[in-house]
Amino acid sequence: MRESISISTSVRRLTERGLACILLSCLGIAVCEQPKDTVSTAPRPESSASPSGGADRNSTKIRVNTDLVVIPVTVTDGKGRVVNGLQKEHFTLYEDKVEQAISHFAAEDAPVAIGLVFDTSDSMAPKLRKAREAVVALLRNANPEDEFFLVQFNHRPQLVVSMTKHSEEIQNRVELVQATGSTALLDAVTLALKEMRNAHHTRKAIIIISDGEDNASHCSPLDVTEAVRKAEVLIYAIGITDSSSYQTGASNKPSGSALLNEIAKQTGGRLFEVNTLKQLPDIACKIGAWLRNQYVLAYAPSNLENDGRYHHIQVKITKPKGFPRLRASWRLGYYAPAE
């Protein structure tokens, strides 16, 4: 029999057995450049707290099962603008190619634990000013209840600001960074995943700002890819490129952009390649909009086994009449708990 837990709508963190259960609180949407980055062709859907899909904003408690698998989904149009207004019936979800019944559905702005992974290697020297502006743009437009930490890295990663709700601590520290040394990107991501264990919010995201060519990490790409598949953390990467970057040489390591893309796509996030430094603040703003405008689908697997296996997830969207062409991003799978 599945154990049920009673939880208030103010969002209380659940103990997890490898599977997260997200309950979102209604905080309202306030995203930078909302008209440009958000498309809404229908009223924004309310939280669904029952299999029928109905929402009751006056209800003080929601009952959920601890074996729910939770899949955040970001839906955008062809220009990368967030698309609001979809309903539960527009989504179809599959686990290992078997359709699953979506028991919980939400589309609200809930607080997020955000880890910033900031490259301070030699190659970032001419890019630091705009990279700092990107951080400021992201912090300025975050949910007021978001929490943050900062990992900066060159030849080794450092946790320079641990988890805090005081975003000014992040901004002040970023203003002081200097560029020097080589690049241990993978080690920095690994450190960020460890610090994320201290998050107070169920929703979690890591945002990487780097020119991406790892040349100093002890962790391998395979190690990190496996780690991000196990962690229920969205990863967005801002890859600063130029004509001489990301060339694959004799090494069998992935090029910088390929590496960042592989890390991000496993989680339902995305790599944003930036060719012009002035794009950095706008991209950071767009990531903020994506974080604050997600659909969250939850289901109890029809064939739940505590076998420790990786289960693949697929999400399909039925486009309603009048909506633009839609693109969806979601985490590609999860590991079932092991006995």
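The values are calculated or read from the model by the stated rules, or taken from the named source; none is laboratory data. All of these numbers come straight from a predicted model, not from anything done at the bench. Here the Cβ is made from the backbone with ideal geometry for all residues, glycine too, and neighbour counts use every protein chain on show.
Answer yes if at least one residue in segment 233-249 is in a loop (DSSP other than H, G, I, E, B), modelled with pLDDT of 90 or more and buried (at least 17 other Cβ atoms within 10 Å of the Cβ), and no otherwise.
Of the residues in segment 233-249, the ones in a loop (DSSP other than H, G, I, E, B) are 233, 241-249.
Then keep just the ones that are modelled with pLDDT of 90 or more; that gives 233.
From what's left, buried (at least 17 other Cβ atoms within 10 Å of the Cβ): 233.
Yes, segment 233-249 contains a residue that is in a loop (DSSP other than H, G, I, E, B), modelled with pLDDT of 90 or more and buried (at least 17 other Cβ atoms within 10 Å of the Cβ).
Counting residues that are out of contact with any Cys (no Cβ under 9 Å at 6 or more places or on another chain), in the same structural domain as ALA199 (by TED's automatic domain parsing) and without any contact (Cβ under 8 Å) to a residue 24 or more places away in the chain, which strands (runs of 3 or more DSSP E) fully inside segment 111-178 reach at least 1? Give the derivation first.
Working: elements: 113-119, 147-153, 157-164.
Fully inside segment 111-178 and qualifying: 157-164.
Got a number for residues in segment 103-135 being hydrophobic (A, V, I, L, M, F, W, C), surrounded by 20 or more Cβ atoms within 10 Å (Cβ to Cβ) and more than 21 Å from the chain's Cα centre (by Cα)?
Final tally of qualifying residues: 1.
For segment 272-294: of the residues being free of Cβ contacts under 8 Å to residues at least 60 places away in the same chain and either part of a helix (DSSP H, G or I) or aromatic (Phe, Trp, Tyr) (or both), which is surrounded by the fewest Cβ atoms within 10 Å (Cβ to Cβ)? Give the derivation first.
Of all residues in segment 272-294, those free of Cβ contacts under 8 Å to residues at least 60 places away in the same chain come to 272-276, 279.
Among the residues that remain, those that are also either part of a helix (DSSP H, G or I) or aromatic (Phe, Trp, Tyr) (or both) are: 272, 279.
Details: PHE272: 21, GLN279: 17.
Checking each candidate, the answer is GLN279.
Give the number of residues within segment 143-180 that are buried (at least 16 other Cβ atoms within 10 Å of the Cβ) and either aliphatic (A, V, I, L, M) or touching a strand residue (DSSP E or B) at 6+ places or on another chain (Cβ under 9 Å) (or both).
The number of residues fulfilling the criteria is 21.
Do you know which of the residues in segment 191-223 that are surrounded by fewer than 24 Cβ atoms within 10 Å (Cβ to Cβ) and touching a Pro at 6+ places or on another chain (Cβ under 8 Å) is nearest to PRO111 (Cα to Cα)?
Looking at the filtered set, the residue picked out is HIS201.
Name the residues in segment 204-229 that are touching a helix residue (DSSP H, G or I) at 6+ places or on another chain (Cβ under 8 Å), under 18 Å from GLY269 (Cα atoms) and not aliphatic (A, V, I, L, M), would you? Steps first, answer last, please.
Going residue by residue through segment 204-229, those that are touching a helix residue (DSSP H, G or I) at 6+ places or on another chain (Cβ under 8 Å) are 204-214, 216-221, 223-225, 227-228.
Keeping just the survivors that are under 18 Å from GLY269 (Cα atoms) gives 204-212, 221, 224-225, 227-228.
Of everything in segment 204-229, those that are touching a helix residue (DSSP H, G or I) at 6+ places or on another chain (Cβ under 8 Å), under 18 Å from GLY269 (Cα atoms) and not aliphatic (A, V, I, L, M) turn out to be LYS204, SER210, ASP211, GLY212, PRO221, THR225.
For segment 317-339, which residues satisfy the criterion of being in a strand (DSSP E or B) and either touching a helix residue (DSSP H, G or I) at 6+ places or on another chain (Cβ under 9 Å) or closer than 19 Å to THR267 by Cβ (or both)?
Going through segment 317-339, the residues in a strand (DSSP E or B) turn out to be 317, 327-330, 333-335, 338.
Passing the criteria: ILE317, ARG327, ALA328, SER329, TRP330, GLY333, TYR334, TYR335.
Only residues that are on the phi > 0 side of the Ramachandran plot and in contact with a Phe, Trp or Tyr (Cβ under 8 Å, 6 or more places away or on another chain): list them for segment 292-332, please. Walk me through how you get there before you give the answer.
Let us first name the residues in segment 292-332 that are on the phi > 0 side of the Ramachandran plot, namely 308, 322.
If the condition is that a residue be on the phi > 0 side of the Ramachandran plot and in contact with a Phe, Trp or Tyr (Cβ under 8 Å, 6 or more places away or on another chain), then GLY308 is the only one that fits.
Looking at the structure I just gave you, is ARG140 of a type in the set (D, E, K, R) and either modelled with pLDDT of 95 or more or buried (at least 16 other Cβ atoms within 10 Å of the Cβ) (or both)?
On the way: of a type in the set (D, E, K, R): yes; either modelled with pLDDT of 95 or more or buried (at least 16 other Cβ atoms within 10 Å of the Cβ) (or both): no.
When the stated conditions are applied, ARG140 does not pass them.
Determine, yes or no, whether ILE313 is at pLDDT 95 or above, under 18 Å from GLY80 (Cα atoms) and outside the structural domain of VAL228 (by TED's automatic domain parsing). Write out each step before concluding.
Values: at pLDDT 95 or above: yes; under 18 Å from GLY80 (Cα atoms): no; outside the structural domain of VAL228 (by TED's automatic domain parsing): yes.
Answer is no for this residue.
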